[in-house]
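The values are calculated or read from the model by the stated rules, or taken from the named source; none is laboratory data. What you are looking at is a predicted structure, and each value in this text was computed from that prediction instead of being measured. Note that we place each Cβ from the backbone using ideal geometry, even for glycine, and neighbour counts take in every protein chain shown. In case anyone asks, the SASA skips ligands and DNA or RNA and just uses the protein heavy atoms, side chains included. Shrake-Rupley method; radii C 1.70, N 1.55, O 1.52, S 1.80 Å.
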Amino acid sequence: MPKSCRARHCSNAAGQGRPSARRLSFYKFPLQDASRLRQWLAHMRQEHWVPTRHQHLCSDHFEPSCFQYRWGVRYLRPDAVPTIF
């Protein structure tokens, strides 16, 4: 099953054509970090929803400062919280 973004009103999915300057990546919810998960859900305005391990948010919901680059690969910082909805 292809990855798609779980944010409300976001229709981003893996495999969609996009300009290379706006490449899209998907990140799993931090299910093992309860306090960070609460922050993610609060920013999404979904405090009473429980995501599964198969659901993701796309990179469009994170500020550029939430990413770090290693060997040309973009990673989400361990303390990143999505703020763009």
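Restricting attention to the stretch 35-60, the residues that are closer than 16 Å to Ser4 by Cβ and among the aliphatic types (A, V, I, L, M) add up to 2.
For the stretch 39-79, taking the residues that are farther than 20 Å from Ser11 by Cα and touching a Phe, Trp or Tyr at 6+ places or on another chain (Cβ under 6 Å), the one that is surrounded by the most Cβ atoms within 10 Å (Cβ to Cβ) is identified as Leu76. Contact annotation: residue pairs with Cβ atoms under 6 Å, 6 or more positions apart or on different chains, pairing a residue in the stretch 45-70 that is in a helix (DSSP H, G or I) with a partner that is open to solvent by 50 Å² or more (accessible area, probe 1.4 Å) and not small (Gly, Ala, Ser), are His61/Ile84; Cys66/Arg77. Please work out which residue is farthest from Ile84 (Cα to Cα), limiting yourself to the stretch 26-44 and to residues that are in a loop (DSSP other than H, G, I, E, B) and hydrophobic (A, V, I, L, M, F, W, C). Across the stretch 26-44, the extreme among qualifying residues is Leu31.
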